[in-house]
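Remarks on the structure that follows.
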Amino acid sequence: MTQTDALTFDTPEAMAAFIRDLDHPIAVEGAGTKAGIGFPVDAPRLSTTGLTGITYFEPKEFVLGAMAGTRLSVLEAALAEHDLILPFDPPRFGADPTLGGVMATNIGGAERESMGAPRDNLLGAQYINGKGELLKAGGRVVKNVSGYDIPRGLSGSWGTLAVFTELTVKVLPKARAVDQHADGLEPVWAQDFVWRVSLPRDQAKALTQAWTGLAAQQWDGALLWLGADAPQDVHAMAARAGGHALLVQSPASHRATDGCFQPLDAGNITLHRLLKNAFDPDRRFNPERLYRGL
């Protein structure tokens, strides 16, 4: 193990053995670039940053595999030598995220509409479930799944169901990149509260006109960034517009009592609870990070 403030392991097997013997919850993270999203998890931290390195790269097949703790800067440097890119263009949140963190949170960048979200480009994964079992699902080709697509199902679960240890993703030629600069984004990020709102683009104008704070948009309005100096019920506004919102920046005192993720109805909460019971029955991973009671 390394690092003084977070537990790390050099191999997936060592991490799995640690999880297998756990008798308490842990806070699962990559580089911690999105630690300010979701309810705080009061538990020892387990980081994947000790699991690093590119494990598989076929430039002509547009496929790359890497350990979950590998930083995006490392992957992008290797891809640039072949004029390739990560198609999901993940936001950096002012730092250098890990591949595992990007896939676990499924937050895509400005090119999501044309190239898909992170999970849409995930081909396969090795992961550890809440029982400490080291498992694999998916593969290294696009059409490789029959039955449930476990890796894509885990993408977006924010480390509440499993810990990614290795991932295989699609990459694309750099020529496919789309310029999606958002005017006014920096002033939005300077606010105390920042929301990322995904919605039908024909609803963007009405929502921004009703918004009293700062705003920036991407995807011709299908993605809005809203900033304010005080909390507002943006989740309700997004729901009325047929979309959903994520509070990506807020004071720690606010996150301790108010949720960052779009509220779910009773049916969806039940599905989340069933998934939690299946993958992490002892509630070891990021308890209540997403929603209270999960």
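The values are calculated or read from the model by the stated rules, or taken from the named source; none is laboratory data. Just so you know, these numbers come straight off a predicted model, no measurement behind them. With ideal geometry, Cβ positions are generated from the backbone for all residues, glycine too; neighbour counts draw on all protein chains shown.
Points worth noting:
- Residue check for Ala16: part of a helix (DSSP H, G or I), touching a Ser or Thr at 6+ places or on another chain (Cβ under 9 Å) and in contact (Cβ under 8 Å) with a residue 24 or more places away in the chain: yes
- Residue selection: Asp229 satisfies the criterion of being touching a residue at least 12 places away in the same chain (Cβ under 8 Å), out of contact with any Cys (no Cβ under 9 Å at 6 or more places or on another chain) and acidic (Asp, Glu).
- Inter-residue pairs, beta-carbon under 6 Å, first farther than 20 Å from Ala16 by Cβ and in segment 106-134, second of a type in the set (Lys, Arg) and part of a helix (DSSP H, G or I), 6+ apart: Asn106/Arg119; Arg119/Arg152; Leu122/Arg152
- Taken over segment 68-87, the criterion of being within 23 Å of Gln218 (Cα to Cα) and without any contact (Cβ under 8 Å) to a residue 60 or more places away in the chain is satisfied by Leu72, Glu76.
- All positions within segment 62-98 that are touching a helix residue (DSSP H, G or I) at 6+ places or on another chain (Cβ under 6 Å), modelled with pLDDT of 95 or more and assigned to a strand (DSSP E or B): Ala66
- Exclusive hit being within 30 Å of Arg273 (Cβ to Cβ) and assigned by TED's automatic domain parsing to the domain that holds Ala27, set Glu133, Glu58, Glu111, Glu76: Glu133
- Being within 29 Å of Asn286 (Cβ to Cβ), out of contact with any strand residue (DSSP E or B) (no Cβ under 7 Å at 6 or more places or on another chain) and outside any helix (DSSP H, G or I) is a property that Leu224 lacks.
- Whenever a residue of segment 279-294 is in the same structural domain as Phe18 (by TED's automatic domain parsing) and among the aromatic types (Phe, Trp, Tyr), its partners that are outside any helix (DSSP H, G or I) and surrounded by fewer than 20 Cβ atoms within 10 Å (Cβ to Cβ), lying with C-beta atoms within less than 7 angstrom and at least six residues away or across chains, give the pairs Tyr291/Gly259; Tyr291/Phe261; Tyr291/Leu264.
- The set of residues in segment 214-241 being closer than 20 Å to Ala190 by Cα and surrounded by 18 or more Cβ atoms within 10 Å (Cβ to Cβ) consists of Leu214, Ala215, Ala216, Gln217, Gln218, Leu223, Leu224, Trp225, Leu226, Gly227, Ala228, Val234.
- One residue stands out in segment 161-195 among those that are in a loop (DSSP other than H, G, I, E, B) and modelled with pLDDT of 90 or more: the one that is nearest to His272 (Cα to Cα), namely Leu161.
- Residues satisfying the criterion are absent from segment 4-27 (criterion: crowded, with 22+ Cβ neighbours inside 10 Å and within 30 Å of Pro173 (Cβ to Cβ)).
- Residue in segment 25-34 that is of a type in the set (Asp, Glu), assigned to a loop (DSSP other than H, G, I, E, B), in contact with a Leu (Cβ under 9 Å, 6 or more places away or on another chain) and in contact (Cβ under 8 Å) with a residue 12 or more places away in the chain present: no
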